[in-house]
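S.K.: Quick one: the structure is below, questions incoming.
The values are calculated or read from the model by the stated rules, or taken from the named source; none is laboratory data. Just so you know, these numbers come straight off a predicted model, no measurement behind them. Quick reminder, even Gly has a Cβ in these numbers, built from the backbone with ideal geometry, and neighbours come from all protein chains shown. Only protein heavy atoms, including side chains, enter the accessible area calculation; ligands, DNA and RNA are left aside. Shrake-Rupley method; radii C 1.70, N 1.55, O 1.52, S 1.80 Å.
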Amino acid sequence: YFEEFAKNADFYEFRSNTPRHYLREGINRIERMQLENGYFSYWSGSHNINNYAFLYAAHFLAEARNKGLEVNETVWNKMQRRLNQDVLNKFDAKAGYSGRYRLSHQVYALYVLALAGNAKISEMNALLQHHKRKLKPHDRARLAAAFMLAGRQSTADELVADITSIGE
């Protein structure tokens, strides 16, 4: 996305370096911020994490890798292990949209795993079965995208069939 955007925007900075150079720099920075437990620190040199920031960074790396950019294999594997552990162990079904790791985090993590080619169908089905009525429209759309990436088009279509607006 960025490369196409940058080409069309005709930014001065891209006359000396390509957009791909800046994407590579971003990947390198994120890779350097990975902690031993697989999370990415919120700030460089910090051990603080933020659930959404971790998911955004993981999403960026999955998109970059899908576009052919190289992501360090050790970083990639640790990130996927962390996403898997969070999906399996961190979600409190009773919490819904409150707490430190909410329904939105779970849906987003499932989407990123599907984007990374590691869809968790059973966890997606369980979330759908137990929380479908609680899901906000943007989370239903994201879960539908995860199902679509996993080859479950009919489930994806069903999830978004009655969405008229993504806004909250």
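S.K.: Treating only the Cβ of Lys, Arg, Asp and Glu as charged (+1, +1, -1, -1), what charge dipole size does region 44-113 show about its Cα centre? Round to the nearest 20 debye.
M.R.: With Lys and Arg at +1 and Asp and Glu at -1, about 200 debye.
S.K.: Between Leu143, Leu23, Leu61, where does the largest GNM mean-square fluctuation fall for the chain, given springs only between Cα atoms within less than 10 Å?
M.R.: Looking only at Leu143, Leu23, Leu61, the biggest GNM fluctuation is shown by Leu23.
S.K.: Per residue, how much accessible area does the chain have with a 1.4 Å probe, in Å²?
M.R.: 58 Å²
S.K.: Something else: Where in region 104-168 are there trypsin sites (Lys or Arg not before Pro) that are in a DSSP coil and have at most 11 other Cβ atoms within 10 angstrom of their Cβ?
M.R.: Qualifying residues, ordered by number: Arg133.
S.K.: (i) -0.46, -1.28; (ii) -0.51, -1.29; (iii) -0.67, -1.18: which one is log10 I(q)/I(0) by the Debye sum over Cα atoms at q = 0.11, 0.20 Å⁻¹ as calculated from this entry?
M.R.: (ii)
S.K.: Given a cut-off of under 8 Å on Cα pairs at least six residues apart, what relative contact order in percent is computed for region 40-168?
M.R.: So the answer I get is 19 percent.
S.K.: Quick one: net charge around Glu36, please, counting Lys, Arg +1 and Asp, Glu -1 for every other residue with C-beta under 15 Å from its C-beta.
M.R.: Spelling it out: positives minus negatives among the neighbours equals +3.
S.K.: How much accessible surface does Glu70 have with a 1.4 Å probe, in Å² rounded to 10?
M.R.: Taking all protein chains as shown, Glu70 has close to 140 Å².
S.K.: Could you check how much of the accessible area of region 65-168 is carbon and sulfur, as a whole percent, using a 1.4 Å probe?
M.R.: After summing per-atom areas, the C and S share lands at 45 percent.
S.K.: Another question, if that's okay. What order, most packed first, do the peptides 51-59, 85-93 have when packing is the mean number of other Cβ atoms within 10 Å of each residue?
M.R.: 51-59, 85-93
S.K.: Could you work out the local net charge near Asp92, counting Lys and Arg as +1, Asp and Glu as -1, over the other residues with Cβ closer than 15 Å to its Cβ?
M.R.: +3
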